[in-house]
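The values are calculated or read from the model by the stated rules, or taken from the named source; none is laboratory data. Since the model is a prediction, treat every value here as computed from it, not as a measurement. Glycine also receives a Cβ, built like all others from the backbone with ideal geometry; neighbour counts cover every protein chain displayed. These area figures cover heavy atoms from the full protein model, side chains too; ligands, DNA and RNA do not enter into them. Shrake-Rupley method; radii C 1.70, N 1.55, O 1.52, S 1.80 Å.
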Amino acid sequence: DIDDTLFDFAACEREAIKKTFDRLSIPCSDNILVEYHEINREMWHALERGEYDRLQIRTLRFEILFSRLGIRADADEVNALYGEMLSREHILLPGARYLTPFIF
């Protein structure tokens, strides 16, 4: 698991959300990013409690966010694009390149 070991997952997540929302012309602010993060965290806790599966939470987190913000958007489309954007983000934690130079 390289998230939060080599890669700064929180920074990657923020950038992926910003790029996803920008691509779909959905407003994005620091408050929206905080709201998304809180919803996302709760959804993963719900997964751990067995309330949802991974596929459900990936879309549900956006459905909840958009519902709270009064934004009309297709949560499935947003989730698909977000997954693509997240896979492109590779923000390293400080010193990661020096700890594992053979990877980079």
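If you sort Leu55, Leu65, Leu60 by accessible surface, 1.4 Å probe, largest first, the order is Leu55, Leu60, Leu65. Sparse packing (at most 10 other Cβ atoms within 10 Å of the Cβ) combined with a DSSP loop state is found for the following trypsin sites (Lys or Arg not before Pro) in segment 16-95: Arg49, Arg72. At 7 Å along Cα-to-Cβ for each site, give me the label-to-label distance between Leu55 and His37 in nm. Placing both labels 7 Å along Cα→Cβ, they lie 3.1 nm apart.
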